[in-house]
Amino acid sequence: MTSITKSIFLVGLFFPLLFQISAQSSSTISGIVRTADLKRVPGAAVEVVTASGSLTSLTDSNGEFRIDIGGGAPILAVTVSGENLTSVTKDLSAVTATTNLDIRVDYTLSPLTASVTIQDEALTPDIELRNGSLYSDTLFSRDDQLIQTLNAGINAGQHEGGGKSLEIRRYGFNLDHGGVNGGLKILVDNVQQNQSTQGHGQGYLGSLKSLSPELVESISIINGPFSAAYGDYSGLGVVHIIQRQELPHWFTARMQAGSFNTFRGFFAISPEWKNVSSVFSYEPSYTDGPFKSPLRYRRHNINGNITYKSNERQAISLRFNAGTNDFFSSGQLPLDLVNQGELDRFGFIDPENGGKGQAATVSGYYRREFASGAILRADAFVNRSLYDLYSNFTFFLTDTVFGDEIQQHDSRLQQGGNLQYIRALNFFGNPSVVTAGFGIHASQINVGLYPTVSRAPNRKIFADNLDNPDILFTSADAKIINYGAYVQNETRFFDGRLRVGAGVRIDHFDYFLDGFELRDSRQDIFASEGKSAVQPKFSAAWTPIHDVPLSLYVNYGRGILSQDARGIARQPDGPKLAVTDFYQAGGSFDLRRASMVLSSFFIDRSNEQVYIPDDGTVELAGRSRSYGIETRATVKITDFLSFNGGLTRVIAAFYPGEFTPDGSRVIVDSAPRLVANGGFVLSGWKGFTGALSWRHISSYRLDGEDPAITASGHDVVDLAVARRINKRVTLNFSVDNLLDKRYYETQNFFESRTCPSCETLERIHATP
């Protein structure tokens with residue numbers, strides 16, 4: 001039995017044996033509320049009129065409702081209404097079956113407009129929503145665990161015990177820390193987390209360390225550059241995290257303890273004031289991990305929010321977030337030494353690997369709804385961050401005396417603001433929604449790469465190293481300004497069964513760089529460049545038959561990815577922006593207790609981007625393409641138990657027109673071709689909630705021309721169970737890597753020398 005088969009068998013065996021489907025009472029009315037194109041409607045008001053009165057309830061996060069009538073009074077009608085919903089009344093006086101109703105409604109505007117945060121408004125099949133209850137019921141301690149719960153074909157590998165930014169792989173491309181090869185744009189309350197021209201790679205996602213999972217309210221996922229609301233880094237999708245404006249209890253305390261000296265706390269107050277929602281929290285965290293050199297991972301996060309609603313049509317919010325993140329790590333270990341038993345897989349070569357970071361963000365939000373139904377939203381933020389990462393990738397390759405340890409430094413100040421206007425219109429008798437917006441994001445950065453010894457940046461000045469051209473010392477001041485404007489329209493035809501959207505976005509980038517590189521001699525580097533890009537968008541979704549829950553859709557979007565300012569200075573004739581054209585077509589099938597989405601994708605990129613860690617810059621490779629299929633499914637087994645699964649299969653990812661000497665295509669390397677997940681989720685059964693989840697990635701090539709150089713894949717099973725003791729106390733238990741799988745999160749192929757007298761070898765290096 002293969003490891004995949006074993007994992008699937010254990011996941012499938014655990015929960016279903018515990019429960020059986022319960023029959024609904026004859027005095028119950030239940031069903032689902034959906035739009036004409038089969039999108040589920042959460043939070044809709046459902047009023048049931050009986051011969052003896054009326055009862056009301058709200059649809060849950062899956063758009064479902066269930067109301068116990070009691071006494072069996074005859075049911076006359078049910079009415080569904082809500083904010084931005086057209087009210088619908090269904091006559092049930094002559095109907096005998098009142099369970100599993102399927103009620104169709106329509107939006108005047110998207111329900112997401114209730115948020116003060118600017119985000120995409122189109123409820124098209126390329127957008128998925130995740131409810132935040134999972135994040136408040138699970139014992140998370142790392143940001144990669146949060147990304148793994150999305151089950152969106154995103155392989156997020158932790159780096160060095162979780163202290164370093166995630167490595168992101170999606171659709172057959174390695175995005176490094178989220179910001180190359182198409183990019184995955186990640187936002188928290190519309191504040192971009194990808195950091196351009198970062199000391200450790202374009203698009204670095206280190207600021208995610210300051211996110212507390214308990215504060216996550218919802219997450220929206222766009223599986224491509226299909227929304228005009230998002231520009232830079234959105235080529236392979238957008239993940240937008242929305243935080244809570246308040247918590248359900250005035251005071252919340254959560255304390256976790258576990259193996260490897262792990263401790264985490266979450267303490268929050270959510271005062272109740274008239275017309276004001278608020279929450280203030282503090283999260284300390286510590287772990288040593290299983291490493292021979294203790295991880296010493298310390299994190300402290302502070303969050304605060306105050307939202308004032310003068311009335312139902314106007315709100316203003318002020319948010320504050322600050323965090324520190326300090327850690328040591330084993331680095332990336334040569335697997336040949338691990339396999340030969342010369343190095344423990346949790347061992348180390350340089351004990352000084354690790355890093356430290358501090359960041360703080362202040363942001364403000366404003367939303368106003370006019371009598372016409374139009375909505376105006378605006379936000380602004382200021383961020384200050386400081387990161388220092390200490391790495392030794394090649395050990396003694398360039399410096400046989402003191403080693404190759406480096407410090408990658410990044411100190412930045414960021415400011416940004418956005419304005420968005422949404423208006424419902426009538427387009428030749430068909431309902432239409434127009435969204436227009438403008439934004440600016442500016443960064444002032446001091447970035448450097450310093451040769452170090454024991455974390456002291458003095459290795460270059462030693463006598464033996466002054467003229468060593470292989471030892472690089474560089475520092476630069478960079479300034480990057482991104483202006484963006486967009487307009488997007490969505491029109492619904494044939495009573496909402498056909499929805500057509502089109503949009504365009506224009507971005508302009510200004511780059512300024514002033515710095516130097518010191519090898520055997522000093523070279524000044526300077527750049528002052530500007531570049532603009534237009535990004536068209538189109539989508540269509542069609543439900544052919546009203547009573548058949550099948551919807552077909554096509555999407556196209558062009559995404560852009562800005563170049564590292566240092567790369568622009570070193571390659572002045574190279575492209576300033578990389579372009580991604582993303583085509584998607586598929587269908588969704590949504591029944592009462594089961595739903596499935598199947599789609600195909602074709603991705604055409606103008607340039608691959610390769611990060612050179614010992615150099616601190618990004619180099620451009622040739623044009624690339626990727627195509628494949630993707631599917632996701634949800635099955636509600638009982639009222640308490642559900643199954644969720646997904647699979648992304650990349651059929652090919654290659655450089656068109658490039659071939660090896662034997663005539664084979666040169667492939668895009670360093671990303672798995674198969675990413676899959678599955679799991680059972682238990683909720684609301686006798687106070688228990690839980691999840692048994694499995695994730696899989698295939699083995700993958702680490703060299704575009706040599707098929708023998710591969711990284712191993714893995715299957716990992718995690719377990720989390722919670723039991724509510726009473727309304728004040730919940731007990732939680734979780735096990736990461738339940739089956740004790742021996743695996744590596746990230747793997748890379750490059751040259752290194754592990755001691756001054758050792759042989760120089762090309763080898764695979766990995767992070768356990």
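The values are calculated or read from the model by the stated rules, or taken from the named source; none is laboratory data. The structure displayed is predicted, hence computed values, not measured ones. Backbone-built Cβ (ideal geometry, glycine too); neighbour counts: all protein chains shown. In case anyone asks, the SASA skips ligands and DNA or RNA and just uses the protein heavy atoms, side chains included. Shrake-Rupley method; radii C 1.70, N 1.55, O 1.52, S 1.80 Å.
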- Query: Which one is farthest from Arg499 (Cα to Cα) among residues in the range 440-453 that are under 30 Å from the mean Cα position of the chain (by Cα) and open to solvent by 10 Å² or more (accessible area, probe 1.4 Å)?
  - Reply: Asn446
- Item | Hits in the range 384-400 (condition: more than 28 Å from His441 (Cβ to Cβ) and open to solvent by less than 20 Å² (accessible area, probe 1.4 Å)) | Tyr390, Asn392, Phe393, Thr394, Phe395, Asp399
- Note on the structure: Those residues of the range 454-482 that are within 29 Å of Gly530 (Cα to Cα) and open to solvent by less than 30 Å² (accessible area, probe 1.4 Å) come to a total of 8
- Message: Testing Ser734 on (1) farther than 14 Å from Pro334 by Cα; (2) in contact with a Lys or Arg (Cβ under 9 Å, 6 or more places away or on another chain); (3) among the hydroxyl-bearing types (Ser, Thr, Tyr), one condition comes back false. Which one is that?
- Response: (2)
- Item | Scope the range 47-69; condition of a type in the set (S, T, N, Q), surrounded by 14 or more Cβ atoms within 10 Å (Cβ to Cβ) and not in a strand (DSSP E or B); matching residues | Thr59, Ser61, Asn62
- Going through the range 607-649 one residue at a time, which ones are touching a Lys or Arg at 6+ places or on another chain (Cβ under 6 Å) and either under 29 Å from Phe750 (Cβ atoms) or acidic (Asp, Glu) (or both)? Thr617, Ser624, Gly628
- Message: Quick test for you: out of Thr638, Thr631, Thr648, pick the one residue that is modelled with pLDDT under 90, open to solvent by less than 60 Å² (accessible area, probe 1.4 Å) and not hydrophobic (A, V, I, L, M, F, W, C).
- Response: Thr638
- Item | Subset of the range 425-435 [among the small types (Gly, Ala, Ser) and open to solvent by less than 40 Å² (accessible area, probe 1.4 Å)] | Ser432
- Do we find a residue being of a type in the set (Asp, Glu) and surrounded by 14 or more Cβ atoms within 10 Å (Cβ to Cβ) anywhere in the range 265-284? yes
- Residue pairs qualifying under the 8 Å Cβ cut-off, at least six apart or on distinct chains, with the first in the range 643-667 being assigned to a loop (DSSP other than H, G, I, E, B) and the second being of a type in the set (Asp, Glu), are Thr660/Glu705; Ser664/Glu705
- Please indicate, with yes or no, whether at least one residue in the range 403-415 is open to solvent by less than 20 Å² (accessible area, probe 1.4 Å) and closer than 23 Å to Tyr230 by Cα. yes
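Every residue, every condition in (1) among the aromatic types (Phe, Trp, Tyr); (2) out of contact with any helix residue (DSSP H, G or I) (no Cβ under 9 Å at 6 or more places or on another chain); (3) in contact (Cβ under 8 Å) with a residue 40 or more places away in the chain, yes or no:
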{"position": "Phe526", "(1), (2), (3)": "yes, no, yes"}
{"position": "Glu529", "(1), (2), (3)": "no, no, yes"}
{"position": "Lys537", "(1), (2), (3)": "no, yes, yes"}
{"position": "Ile545", "(1), (2), (3)": "no, yes, no"}
{"position": "Val548", "(1), (2), (3)": "no, yes, no"}
{"position": "Ala569", "(1), (2), (3)": "no, yes, yes"}
{"position": "Gln584", "(1), (2), (3)": "no, yes, yes"}
{"position": "Phe589", "(1), (2), (3)": "yes, yes, yes"}
{"position": "Arg592", "(1), (2), (3)": "no, yes, yes"}
- Return yes or no: is Gly231 small (Gly, Ala, Ser) and closer than 22 Å to Gln158 by Cβ? no
- Note on the range 711-740: residues open to solvent by 60 Å² or more (accessible area, probe 1.4 Å), in contact with a strand residue (DSSP E or B) (Cβ under 9 Å, 6 or more places away or on another chain) and of a type in the set (D, E, K, R) are Arg723, Arg724, Asp736
- Message: Can you pull out every residue in the range 684-694 that is assigned to a strand (DSSP E or B) and either over 23 Å from Arg142 (Cβ atoms) or among the β-branched types (Val, Ile, Thr) (or both)?
- Response: Gly684, Trp685, Phe688, Thr689
- Query: Quick one: is Lys185 under 13 Å from the mean Cα position of the chain (by Cα), surrounded by 24 or more Cβ atoms within 10 Å (Cβ to Cβ) and not hydrophobic (A, V, I, L, M, F, W, C)?
  - Reply: yes
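A quick yes/no check of all residues on (1) open to solvent by less than 40 Å² (accessible area, probe 1.4 Å); (2) modelled with pLDDT under 70:
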| position | (1), (2) |
| --- | --- |
| Gly71 | no, yes |
| Thr99 | no, no |
| Leu109 | yes, yes |
| Thr117 | yes, yes |
| Leu123 | yes, yes |
| Arg130 | no, yes |
